[in-house]
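Shown next, in structure tokens, is the structure this report addresses.
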Amino acid sequence: MPCIRANNRTNSIVTWATVRSVVARIVPTSTFSIALLIVIALGGCNGTPLFQLPDPAVRVIAFGDSTTDGPSDKQYTEFLQENRAIDPAAITNAGMGGETTTDGLPRLQQLLDSGLFPNAEIVIIWEGGNDLIDFIQQRDPFIAVPPESPLFLFGPQLDELLAQVQANLVQMIAASRNTGATPILVTYFFIPEEPIDCGLSPLPTLLPAQAVTANGYVERLNTVIRDVGASETVAVVDVATLDATLRADIANYTNCNHLSANGNAFAADMIGDAVIAELNN
């Protein structure tokens, strides 16, 4: 039997009402309360809760891939919670590592429809990177030719992928607005152009020339994110503009496609400014 959980790392959300309804159908009334307590105590898989109660304190949902909840020792959301202008309880991390926008769209819709965060005012959307990673690993694993080069072999396929990312982001924005929340988009940082641990190519590290090529992909994605922001009148936190600051110190990266705690602190400063501006709007 598959495990269905409702924490920030799962696709499925089981609410209190759902649990009560299921238990009530299968357990006699006389033992209902005891059975319900057992369900709560057992929880989900690996010690995670089977369901979540609504959290009315949350005002900001940080939604995304491993840029939001990844291998760093400290996520950018934790820095947001340390910002004196933001109530720590107002931030929730709804990131899921490895998620593409195609997977993220229904997960976001389900999360917003669940009623877990009834007072959410802002949804930070930082996704699209894994769409590119999957594309590179499947079609261009050696990352040899920049996508802007006339010699690039996968132009139509990349255009199709980015069009799908754009469509997914637009729908995420609409889903957020349908619940009364204000969406904020975030661009991606560039890959450091020096040898660093990386899983993009068959090599254990990404060579400088490959990093330059990979950053051509990143720039294409960031252009899509900025274009969506402009067309949908959505604020864009342009983390890509931190490139010089981030690449000044390799310690700002955990690996080629993840910021370290140091790097996340820089990103959190930019994102925090946008969040505070919206909350005070």
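For this structure, a couple of remarks:
For every residue, the table says whether it meets (1) assigned to a helix (DSSP H, G or I); (2) in contact with a helix residue (DSSP H, G or I) (Cβ under 8 Å, 6 or more places away or on another chain); (3) at pLDDT 95 or above; (4) under 22 Å from Phe79 (Cα atoms).
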{"residue": "Gln171", "(1), (2), (3), (4)": "yes, yes, yes, no"}
{"residue": "Pro183", "(1), (2), (3), (4)": "no, yes, yes, yes"}
{"residue": "Glu194", "(1), (2), (3), (4)": "no, yes, no, no"}
{"residue": "Pro202", "(1), (2), (3), (4)": "no, no, no, no"}
{"residue": "Gly216", "(1), (2), (3), (4)": "yes, no, yes, no"}
{"residue": "Leu221", "(1), (2), (3), (4)": "yes, yes, yes, no"}
{"residue": "Gly263", "(1), (2), (3), (4)": "yes, yes, yes, yes"}
{"residue": "Gly272", "(1), (2), (3), (4)": "yes, yes, yes, yes"}
{"residue": "Ile276", "(1), (2), (3), (4)": "yes, no, yes, yes"}
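- Neighbours by Cβ (under 9 Å, 6+ apart or cross-chain): first from segment 138-159, in contact (Cβ under 8 Å) with a residue 40 or more places away in the chain; second in a loop (DSSP other than H, G, I, E, B) and aliphatic (A, V, I, L, M): Pro141/Leu200; Phe142/Leu203; Ile143/Leu200; Ile143/Leu206; Ile143/Leu207; Val145/Leu151; Val145/Leu153
- Cross-chain or 6+ apart pairs with Cβ under 9 Å, segment 92-116 first and at positive phi, then among the hydrophobic types (A, V, I, L, M, F, W, C) and outside any helix (DSSP H, G or I): none
- Only one of the listed residues (Gly98, Gly128, Gly115) is assigned by TED's automatic domain parsing to the domain that holds Ile191, among the small types (Gly, Ala, Ser) and touching a Pro at 6+ places or on another chain (Cβ under 8 Å). That residue is Gly115.
- Condition check for Leu153: of a type in the set (A, V, I, L, M, F, W, C) and buried (at least 20 other Cβ atoms within 10 Å of the Cβ): no
- Cross-chain or 6+ apart pairs with Cβ under 8 Å, segment 49-73 first and modelled with pLDDT of 95 or more, then basic (Lys, Arg) and part of a loop (DSSP other than H, G, I, E, B): Asp69/Arg9
- Residue that is of a type in the set (Val, Ile, Thr), more than 15 Å from Gly64 (Cβ to Cβ), buried (at least 19 other Cβ atoms within 10 Å of the Cβ) and under 21 Å from the mean Cα position of the chain (by Cα), where the choices are Ile191, Ile173: Ile191
The values are calculated or read from the model by the stated rules, or taken from the named source; none is laboratory data. Bear in mind the structure is a predicted one, so any value in this text is a computation, not a measurement. Here the Cβ is made from the backbone with ideal geometry for all residues, glycine too, and neighbour counts use every protein chain on show.
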